[in-house]
Amino acid sequence: MSEAVKVMDGLVVKMDYTLTVDGELVDTSEGSEPIEFIQGAGGIIPGLERELYGMAIGDGKDVVVPAAEGYGEVDEDAHMDVPRKEFPAEIPMEVGTMLELQDEHGHPMHATITEVGAETVHLDFNHPLAGKELHFSVKIAGLRPATAEELDHGHVHEEGHSH
Ligand code: ZN
């Protein structure tokens, strides 16, 4: 693929990134592999994806994403009491414990334990970064057309591996 290719819908983007929130490093691809996603498929935060159009391999950019276009505003209703007995024994019943759950469609969702009672545990389903302004620093590391199967699935496949 020539270097003239720019980020557009349907391309698999390989991207190095660093995420800083409130002046603190939250996440980075530094020291590991760049992330890969299909541009336009909603694989990354909308407020960041929108800013990538037109970037070429090697281009870098700093992007500030307001909470509403990042992990959303804090939803005060996204709380639930769950009976303690429904938790597997290996999960520590401590305030601040973060859980990775699945909704009824099998989509991953996060919850944080915010209270531990005698009978129930109070969960907050807001993403830990809800309500936060996100500061990304990104660099395009690679671009290639997505395969038909990848476009059909809406996500990137490892070479030789479909799922
Ligand atoms: Zn797939």
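Taking Ile140, Ile57 and ordering them by how much accessible surface each has at a 1.4 Å probe, largest first, produces Ile57, Ile140. Build a GNM of the chain with springs between Cα atoms under 10 Å apart, and of Asp124, Asp16, Asp77 the one that fluctuates most is Asp77. Each Lys or Arg adds one and each Asp or Glu takes one away; over the other residues whose Cβ falls under 12 Å from the Cβ of Val74, this sums to -4. Count Lys and Arg as plus one, Asp and Glu as minus one, and take only other residues whose Cβ is under 13 Å from that of Arg84; the net charge is then -4.
What percent does the relative contact order of the stretch 66-157 come to when contacts are Cα pairs within less than 8 Å and at least six residues apart? Relative contact order here is 33 percent.
The apolar share of the surface of the chain, taken as the fraction of accessible area on carbon and sulfur atoms (1.4 Å probe, ligands and nucleic acids excluded), comes to 49 percent. Each label was represented as a point 7 Å from its Cα along the Cα-to-Cβ direction; for Asp75 and Phe87 these points are 2.2 nm apart. Spatially close Lys pairs in the chain, defined by Cα atoms under 23 Å apart and a spacing of eight or more places or different chains, total 7. Overall shape of the stretch 79-124 was characterised from the C-alpha gyration tensor. The equivalent ellipsoid obtained from it has semi-axes of 17, 11, 10 Å, in decreasing order.
Computed across the chain, the Kirkwood radius stands at 17.9 Å (inverse of mean 1/r, all Cα pairs).
Taking all Cα pairs closer than 8 Å and separated by 6 or more residues, the relative contact order of the stretch 79-124 comes to 45 percent. Just checking the listed ones, Val121, Val65, Val74: in the Gaussian network model of the chain with Cα springs under 10 Å, the one fluctuating most is Val121.
Restriction of the GluC sites (Glu not before Pro) in the stretch 40-130 to DSSP coil positions whose beta-carbon has at most 16 other beta-carbons within 10 angstrom yields Glu73, Glu76, Glu90, Glu94, Glu104, Glu119.
Across the chain, the mean sequence separation of Cα contacts (distance under 8 Å, 6 or more residues apart), normalised by length, yields a relative contact order of 33 percent.
The values are calculated or read from the model by the stated rules, or taken from the named source; none is laboratory data. For clarity, every value in this text was computed on a predicted model and none was experimentally measured. No Cβ is skipped: glycine too gets one built from the backbone with ideal geometry, and neighbour counts run over all protein chains shown. In case anyone asks, the SASA skips ligands and DNA or RNA and just uses the protein heavy atoms, side chains included. Shrake-Rupley method; radii C 1.70, N 1.55, O 1.52, S 1.80 Å.
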